[in-house]
1. Rounded to the nearest 500 deg cm²/dmol, what is the calculated helix-only ellipticity per residue at 222 nm for the chain, with -39500 (n - 2.57) per DSSP H run of length n ≥ 4?
2. If you wrap region 361-403's Cα atoms in a convex hull and average its projection over all directions, what's the area in nm²?
3. At q = 0.17, 0.19, 0.23, 0.24 Å⁻¹, work out log10 I(q)/I(0) for region 258-310 with the Debye formula, treating every Cα as an identical point scatterer and leaving solvent out; two decimals please.
4. Taking the Cα centre of region 19-266 as origin, sum charge times position over the Cβ atoms of Lys and Arg (+1) and Asp and Glu (-1), and report the length of that vector in debye to the nearest 20.
5. For the pair residue 45 and residue 295, how long in nm is the line joining their label points, each one 7 Å along Cα→Cβ?
6. Could you please tell me the mean projected area of the C-alpha convex hull for region 269-405, averaged over all directions and given in square nanometres to one decimal?
7. Given Cα pairs under 8 Å that are at least 6 residues apart, what percent is the relative contact order of region 258-356?
8. Along the charge dipole of region 255-376, which of 292, 268, 340 sits closest to the positive end, that is, farthest toward it, with unit charges on the beta carbon of Lys, Arg, Asp and Glu (+1, +1, -1, -1)?
Amino acid sequence: MTTTKKLLPRVALPPDARPDTLAVREGLPASAWGENSEAIFLTSCFVHPDAATAARRFANEEEAFVYSRFSNPNVTIMERRLAALEGTEACIGTSSGMGAILLLMLALLKSGDHVLCSRSVFGATIKLLQGDFARFGVESTFVAQTELAEWKAAMRPNTRLLFVETPTNPLTEVCDIQALADLAHDAGALLVVDNCLCSPALQQPVKFGADIVMHSGTKFLDGQGRVNAGALCASEALVAGQFVPLMRSAGINLSPFNAWVVAKGMETLSVRVRAQSERALELARWLESHPAVARVLHPGLASHPQHELAMRQQNGQGGAVLSFIVKGGRQEAFSVIDAMQVCSIAANFGDVRSIITHPASTTHGRLTEEQRQAAGIGQGMIRLGVGLEDVEDLKADLARGLDRLVP
Ligand SMILES: *Cc1c(COP(=O)(O)O)cnc(C)c1O
C-alpha cells in the first residue's frame, strides 16, 4: 500500500461537533467562490500545475482530484459526511448499493474463500453470492438471521466474511451485531452490516463491533427517491488499502451529480428518519388491530420477537419500514395494494413518499418458491416504506383495501 500524503483540506469544525451538525456541515471547504451550498463538480478530469505533480498524483503519492473514476469533490463530500455519521475513519461511494456489495466482495474475497450470510438479506445480495461469486469459487452458506447457534455451526476455517442486514427487508428481523462481530473476530473474519433499513440516524453498526457498513444511498440517504448510490464505510486501511485501488480499475464509481443529491439528502436524514419511523410505529399498531391482518412486523412493536434488542441497537426507534401479512394470499394482498390512492406501488423505501410493495412478486421475485419459503416471504406479505405524508391519510389508504377483506 502506498502512503498517500493527505493534502485535501478539511472543513473547520469544532472537534466535538455532534452528528446532526456533521450531517449538515462535514464535507469539503467551499471553493474559491465561497458558495454556501455545495457546488456540483461535473468534470471528468482535473488539471495539474505541472507534469511532475501529475505523476505524483497518478501514483497516489499525494492526495488530489485526478479523474472522476478515482475521486471527485462531490463524491468526497458525500464520503466524508457518511463516514462522520457512521463513525468510521473512511468511506467510499459506489454507483449503487449493489455496486458497494460487488466492490466489497471483489476486494476481499478470492477463490476458495467462504462467506457466511444471513438467509434474509436483500434478494440481489443472495443472487450475487449464490450465483455469480459461486462461479468464481467463492462458497457461501446462508443461515437464519436470528439464530446465533446456526452462525456458529456454519463457521469454517476459510470463512472470511460474515454478512448481515439488520433489520432485514421485508421481515424486519434484527440480529445481535455485537454477538456476530465477536464470532467473526474470534475466527479472524470481518463482519459486514448492510445498514440500509436504519441508516446511521438510528443505528451505527461499528459501535457494536461491525468492521464494514454497507449502504444503498438510494434509500434513506437520498431520502427522496431520486438517484441510485451506494457506499462502504470502514477503516482507512480497508478503504484506502483495498477498496480505492480496486475502484480505480473496477469503475463502479458514484457519479458526482448523484453524490451531490445524496450529500444534500443526508443534511435532513435524522429529522426525516425519526419522523418516518414514528409514523411507521403508529401505522404498525393500527394494522395490528385490523381484523384483515394476520401479523405485523415492525421492530418498534412490543410483539416483535427482537423488540428489546432493536431498541438497544437502533436508538429506541423501530425504523420506517414495516411489513404485514394479510389473511389470505396473493389475491388479497394485490387487492389491498390496488386500492391505494396515496401510496406509490413501487419497489423502494426510504422515500418521503410512502411506497407499498408485494415482495414475493417483485423484490424477491427472482428467488425460487423454495428460497422464498425458506426466507419466510409469503404471498400474503405486503411491505410499506413509510414516508412523510399525514399518517391519517396513510391509515385511510390502507383501510380502503383492508376493510373490504373483512367478511
Ligand atoms: C436497496 C437495497 C440494496 C441495494 O441497493 P441499490 O442501491 O438498489 O443497488 C441492498 N440492500 C438493501 C437492504 C436494500 O434495501
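Where a number appears in this text, it was derived from the coordinates with a stated rule and is not lab data. Here the structure is a predicted model, which is why all the values come from computation and not from measurement. For neighbour counting, all protein chains shown are included, and Cβ atoms are generated from backbone atoms with ideal geometry for every residue, glycine included.
1. -10000 deg cm²/dmol
2. With the hull built on Cα positions only, its mean projection is 3.8 nm².
3. Calculated log10 I(q)/I(0) at the listed q: -0.65, -0.72, -0.85, -0.88.
4. 560 debye
5. Simple spin-label model gives 5.8 nm for this pair.
6. Averaged projected area of region 269-405's Cα convex hull equals 7.9 nm².
7. Over region 258-356, the number comes to 23 percent.
8. 268
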